[in-house]
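The values are calculated or read from the model by the stated rules, or taken from the named source; none is laboratory data. Keep in mind that this is a model prediction, so the values were computed, not measured. In this analysis, Cβ positions are derived from the backbone assuming ideal geometry, glycine residues included, and neighbour counts consider all displayed protein chains. In case anyone asks, the SASA skips ligands and DNA or RNA and just uses the protein heavy atoms, side chains included. Shrake-Rupley method; radii C 1.70, N 1.55, O 1.52, S 1.80 Å.
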Amino acid sequence: MRAARLAAVILSGIGVVTYFAWLLEFVLPTGISPLQQSAEQLLCAQPVFRLALGVSGLAFTLAGPPLLRLAPVHWMARLTVGSLGVFSIALLGDAARPGTTALPLLANLAALAGALSLVLWWPPGWRAWAVVFLALVVLTWLAAITAALLGPDHLAGLFTRAQMLVRAALIVVGVSYVVVTPGPRRPSARGRIRARSPRCP
């Protein structure tokens, strides 16, 4: 379990850090307005953004197996880890072929499913965080859709970047819970044999 925790932390950390590579737009010439143009457009502005997004998707993909080992053995926790896997696929696809409408939609659905799954199985103290993130995921998604429909000069860039911040924070909190909360102890093979062996009178 210690190796799984270390792998989950390192891989998820790499994924989150590279997912924040869009912040480089403030030091690199992109020609993209952070307020008015979608963060998606950065992928066509500089190769570094596509590379970073691909690394992020790969890191989240590799974090899946160790997170599955750490997560509780029930379908809702598996749904949480699975949503991260779907999110990583969306990132990899977006890095390979930016501008595809289906991939940002897939990323939004994965974030929504992940936040909702946390509400369903986290204990009360942590569940409050999950409810907050679920609300933020929904609100930022609706804001981004509304800004896109209204057209230029309606802060589409601001809202898509807010979505990315919320998603990254959701992943950080979700992984933190799985890593710091010990799962149920699984009996060793020797313990299972002893439990099954009848005792002599």
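Could you say whether any residue in the stretch 51-68 is in contact (Cβ under 8 Å) with a residue 40 or more places away in the chain and over 21 Å from the mean Cα position of the chain (by Cα)?
Among the residues of the stretch 51-68, not one is in contact (Cβ under 8 Å) with a residue 40 or more places away in the chain and over 21 Å from the mean Cα position of the chain (by Cα), which makes the answer no.
Quick one: residue 174 ticks every box in (1) touching a residue at least 60 places away in the same chain (Cβ under 8 Å); (2) in a helix (DSSP H, G or I); (3) under 13 Å from residue 35 (Cα atoms) bar one, so which box is it?
(3)
Could you run through the stretch 143-171 and say how many residues are free of Cβ contacts under 8 Å to residues at least 24 places away in the same chain and surrounded by fewer than 14 Cβ atoms within 10 Å (Cβ to Cβ)?
5
Mind listing just one residue for me: the one in the stretch 1-22 that is modelled with pLDDT of 90 or more and open to solvent by 80 Å² or more (accessible area, probe 1.4 Å) and, of those, nearest to residue 94 (Cα to Cα)?
If we take residues in the stretch 1-22 being modelled with pLDDT of 90 or more and open to solvent by 80 Å² or more (accessible area, probe 1.4 Å), then 17 is nearest to residue 94 (Cα to Cα).
Considering every residue within the stretch 49-65, establish whether at least one is within 22 Å of residue 155 (Cα to Cα) and modelled with pLDDT of 95 or more.
Within the stretch 49-65, the first condition is being within 22 Å of residue 155 (Cα to Cα), and the residues that meet it are 49.
Remaining after also requiring modelled with pLDDT of 95 or more: 49.
Yes, some residue in the stretch 49-65 is within 22 Å of residue 155 (Cα to Cα) and modelled with pLDDT of 95 or more.
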